[in-house]
1. Any idea what Rg and Dmax come out to for segment 61-156 if you just take the C-alpha atoms, in Å?
2. What do you get for the angle between helix 148-157 and the principal long axis of the chain? Use alpha-carbon atoms, 0 to 90 degrees, nearest ten.
3. At a 10 angstrom cut-off on C-beta neighbours, averaged per residue, how do the peptides 63-75, 109-121 rank from highest to lowest?
4. Mind checking the full-extension length gain between M64 and N131? Use 0.36 nm per residue of separation minus the Cα-Cα distance, one decimal, nm.
5. Once the piece of chain linking R83 and R159 is laid out straight, how much longer is it, given 0.36 nm per residue of separation minus the C-alpha distance between them?
6. Relative contact order of segment 58-135: what whole-number percent is it, with Cα pairs under 8 angstrom and at least 6 residues apart?
7. Tell me, what is the percent relative contact order of segment 26-157, built from C-alpha pairs under 8 Å that lie six or more residues apart?
8. Take each of the peptides 82-90, 32-40, average the number of other beta-carbon atoms within 10 Å over its residues, and list them starting from the highest.
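What follows is calculated from the coordinates using simple rules that are stated; it is not laboratory data. Predicted, not measured: the structure shown is a model, and the values here were computed from it. Methodologically, a virtual Cβ is constructed for each residue, glycine included, from the backbone with ideal geometry; neighbour enumeration extends over all protein chains shown.
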Amino acid sequence: MIAQKKDISEPQAIESKPGTPPPVPHVVIIGGGFGGLTAAKKLAGRPVKVTLIDRMNHHLFQPMLYQVATTALAPGDIATPLRDALHHQRNTTVLMGEVTGVDTQRQLVLLEKYIAIHYDYLILATGASNNYFGHPEWANLAPGMKTLEDAIAIKNGLRF
Ligand SMILES: Cc1cc2nc3c(=O)[nH]c(=O)nc-3n(C[C@H](O)[C@H](O)[C@H](O)COP(=O)(O)OP(=O)(O)OC[C@H]3O[C@@H](n4cnc5c(N)ncnc54)[C@H](O)[C@@H]3O)c2cc1C
């Protein structure tokens with residue numbers, strides 16, 4: 001159950017009551033890309049409870065972003081709903097949300113709207129960002145392509 005909290009400075013665990021150990025360890029995975037999705041699949045059927053959190057509702061096959069940017073594929077062809085990908089795993093829950101921080105002292109993953117999720121083990125698989133080697137102004141000349149939105153923006157700027 002997810003609880004909402006009023007005071008952001010005092011996030012509360014929502015997966016287990018304080019002092020009450022969960023029956024199995026709770027593994028929280030942040031990110032449903034290659035890393036996070038592979039980790040979740042490896043934990044199928046294991047004696048753990050898994051929660052995978054991503055800001056998107058889909059796993060994106062980034063290597064085929066080029067095909068979307070050049071109209072060879074539609075966005076939906078390279079995006080798989082995370083819940084579909086993991087629906088057969090009875091020990092796994094998928095949450096859509098923006099992770100805003102991690103409280104390692106209290107073992108809490110912090111999300112928007114003052115939601116906090118307690119973890120026993122945490123897997124951070126949030127990917128990487130573009131690097132312009134200290135020249136952010138280069139981004140206008142060489143826009144990055146890591147998301148569907150990036151690919152669609154490039155496609156919309158192309159003239160065939
Ligand atoms: C255009 C392109 C082509 C590529 N081609 C190849 C190739 O041919 N071969 C190859 O091996 N590799 C290729 N790669 C690299 C490969 O796609 C990446 O190495 C791989 O996707 C990284 O996986 P990841 O799980 O670390 O991160 P990602 O796949 O980026 O996944 C990170 C996930 O974390 C989520 N996330 C991030 N921050 C938050 C947050 N705060 N809250 C909630 N969710 C969050 C994101 O939404 C995302 O779903 C390519 C990459 C690109 C961009």
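1. 17.3, 48
2. Tilt relative to the chain: about 10 degrees.
3. Working: 63-75: 14.8, 109-121: 18.8.
Ranking, from highest mean packing down: 109-121, 63-75.
4. Details: separation 67, 0.36 × 67 = 24.12 nm, distance 2.03 nm.
Using 0.36 nm per residue and subtracting the Cα-Cα distance, I get 22.1 nm.
5. 23.7 nm
6. 16
7. 32
8. 32-40, 82-90
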